[in-house]
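Reviewing the structure listed below.
The values are calculated or read from the model by the stated rules, or taken from the named source; none is laboratory data. Since this is a predicted model, take the numbers as computed values, not measurements. Note that each Cβ is placed from the backbone with ideal geometry, even for glycine, and that neighbours are counted across all protein chains shown. Side chains included, ligands, DNA and RNA excluded: accessible areas come from the protein's heavy atoms. Shrake-Rupley method; radii C 1.70, N 1.55, O 1.52, S 1.80 Å.
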Amino acid sequence: MTETPRQIAKRVLPGWKVVKTSKAPKAVGRADVSTPSLNALRKAYGLEPTKIKEGFASASAADADTEFVVMEPPSDDDHVGRKVVVVSNGKAVAVQG
């Protein structure tokens with residue numbers, strides 16, 4: 001059985017209480033600038049083509065279901081303050097602070 005983002009956050013910060021969860025916004029936007037392709041640069045500078053596959057794979061997080069889990073410390077640690085746990089693809093990928 002897969003863990004929910006709440007369960008994952010509780011495992012990362014034991015004893016802390018979940019305050020709220022929210023879906024992370026998709027980080028997708030159009031490019032504000034563009035660069036010439038490598039082939040165009042090679043042609044401009046008189047370089048030979050390579051046999052290396054070019055281009056980049058899409059970022060793994062682009063299609064991920066990511067959630068922010070806001071956690072509150074145990075009552076004896078209330079001076080610490082709240083923290084956010086970022087859960088993506090069933091794993092805690094970041095903890096604030």
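Worth pointing out:
- Ile8 meets all of the listed conditions (1) under 21 Å from Pro74 (Cβ atoms); (2) more than 18 Å from the chain's Cα centre (by Cα) but one, namely (2).
- Test: residue in region 26-38 that is within 19 Å of Gln96 (Cβ to Cβ) and more than 19 Å from the chain's Cα centre (by Cα): no
- Residue count for region 32-69, restricted to those that are surrounded by fewer than 11 Cβ atoms within 10 Å (Cβ to Cβ) and at pLDDT 75 or above: 10
- A residue that is assigned to a loop (DSSP other than H, G, I, E, B), among the hydrophobic types (A, V, I, L, M, F, W, C), open to solvent by less than 50 Å² (accessible area, probe 1.4 Å) and at pLDDT 90 or above can be found somewhere in region 10-21.
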